[in-house]
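Below is one structure, written out as structure tokens; comments come after it.
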Amino acid sequence: MSRIGIYGGAFNPPHTGHIRAAEYAVQALALDKLLLIPSYVSPHKPLPAGSATPAQRLAMTGLWAGEKMEVCDIELSRGGTSYTYQTVEQLKLQYPHDELVLFMGTDMFL
């Protein structure tokens, strides 16, 4: 059984805060893998005009993914509004024998 972290967000653009939080999560939570999941359309934070496309945000996120991190296009493939509960449901089917740990930024937690 693996311990897999789930870290989603707009990543518009990915920045140092995302990177440091992801690195910390891998270490502090003893994760075997951290899935970095850019949203297609965030239900809580509309993207400003001129923002990077979903594909561009996915590519940028992949540029900083470190050891034990994997970019996941599950929300981009699904399209539409990206709701965390749908993503977690899909990942539970994909990783039925693994422990999933949801990780989020303070902006979404609040």
>> Please compute the contact order of segment 1-109 in relative form: average sequence separation of alpha-carbon pairs under 8 Å and at least six residues apart, divided by the residue count, as a percent.
In response: 39
>> Can you compute the radius of gyration and Dmax for segment 31-87, using only the Cα atoms, both in Å?
In response: 11.7, 37
> So what's segment 3-63 giving for Cα Rg divided by 2.2 N^0.38 Å, two decimals?
Replying inline: 1.16
>> What does the extension gain come out to for Glu23 and Leu47, with contour length at 0.36 nm per residue minus their alpha carbon separation?
In response: 6.1 nm
> Tell me, what is the per residue accessible area of segment 1-86 in Å², probe radius 1.4 Å?
Replying inline: 54
> So which GluC sites (Glu not before Pro) in segment 53-83 end up in coil per DSSP with only 11 or fewer other C-beta atoms within 10 Å?
Replying inline: Glu67
> Once the convex hull of the C-alpha atoms of the chain is built, how many Å³ does it hold per residue, rounded to a whole number?
Replying inline: 96
> Relative to the longest principal axis of the chain, what angle (0 to 90°, nearest 10) does the C-alpha long axis of helix 84-94 take?
Replying inline: 40
> Which percent of the accessible heavy-atom area of the chain goes to carbon and sulfur, probe 1.4 angstrom?
Replying inline: 56
> Sequence-distant or interchain residues sharing an amide H contact under 5 Å with Leu34, placed H: which?
Replying inline: Gly5, Met69, Glu70
> How far apart, in nm, are the 7 Å Cα→Cβ label points at Lys68 and Met1?
Replying inline: 1.8
>> Please report the equivalent ellipsoid semi-axes of segment 63-108, computed as sqrt(5 x eigenvalue) of the Cα gyration tensor, largest first, in whole Å.
In response: 17, 16, 13
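The values are calculated or read from the model by the stated rules, or taken from the named source; none is laboratory data. Computed from a predicted model, the values in this text were never measured in an experiment. Using ideal geometry, Cβ is built from the backbone for each residue, glycine included, and neighbour counts are taken over all protein chains shown. Note: areas computed on protein heavy atoms with side chains; ligands, DNA, RNA excluded. Shrake-Rupley method; radii C 1.70, N 1.55, O 1.52, S 1.80 Å.
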